[in-house]
Amino acid sequence: MSTNPLISEPVKDLVSRLEAMTDDELFAIMNELEKASEAAEGEAAEEILARIALAESETERRYPGRLLAPYRDWKQRQPLL
């Protein structure tokens, strides 16, 4: 299994953490998951994509009807991404 805690931690724990995070923390996690998905293959990629979907769902819960616009706006404000 992966040594990346975002990928190896139980899904239930990740969901709980996502709910408690600030927007900046949530978006930083989403960014890390996107980077991990680009490097992953096979089952690992599927697991990462599932976790990205959880982060997307949390974003949608916080910003109904805005889809990923808040995340994209956040990424544009980050000078080093």
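Worth pointing out:
- Surface composition of the chain: carbon plus sulfur atoms hold 54% of the accessible area, using a 1.4 angstrom probe and ignoring ligands, DNA and RNA.
- Ranked order, THR59, THR22 - accessible area, probe 1.4 Å, largest first: THR22, THR59
- The relative contact order of the chain, computed from alpha carbon pairs under 8 Å that lie at least 6 residues apart in sequence, is 27 percent.
- 13 Å beta-carbon shell around THR22, net charge (K/R +1, D/E -1): -3
- Using 0.36 nm per residue and subtracting the Cα-Cα separation, the extra length available between GLU43 and ASN4 on full extension is 12.6 nm.
- Taking LEU54, LEU14, LEU67 and ordering them by how much accessible surface each has at a 1.4 Å probe, largest first, produces LEU67, LEU54, LEU14.
- Overall, the chain carries a charge dipole of about 340 debye about its Cα centre when +1 sits on the Cβ of Lys and Arg and -1 on the Cβ of Asp and Glu, all other atoms neutral.
- Solvent-accessible area per residue in the chain equals 66 Å², computed with a 1.4 angstrom probe and all protein chains kept.
- Relative to the longest principal axis of the Cα atoms of the chain, the long axis of helix 42-62 lies at roughly 20 degrees.
- Mean residue ellipticity (222 nm) of the chain, computed from DSSP H runs ≥ 4 via -39,500 (n - 2.57), nearest 500: -23500 deg cm²/dmol
- Every pair of different Cα atoms in the stretch 4-64 enters the Kirkwood calculation, which places the hydrodynamic radius at 11.6 Å.
- Over all other residues within a Cβ to Cβ distance under 12 Å of ASN4, the charged ones net out to -1, with Lys and Arg as +1 and Asp and Glu as -1.
- Applying the criteria of a DSSP loop state and at most 15 other Cβ atoms within 10 Å to the trypsin sites (Lys or Arg not before Pro) of the stretch 27-77 yields ARG66.
The values are calculated or read from the model by the stated rules, or taken from the named source; none is laboratory data. These numbers were taken from a predicted model, which means no experiment stands behind them. When we count neighbours, we look across all protein chains shown, and the Cβ atoms used for this are built from the backbone with ideal geometry, even at glycine. Keep in mind that these areas ignore ligands, DNA and RNA; they rest on the heavy atoms of the full protein, side chains included. Shrake-Rupley method; radii C 1.70, N 1.55, O 1.52, S 1.80 Å.
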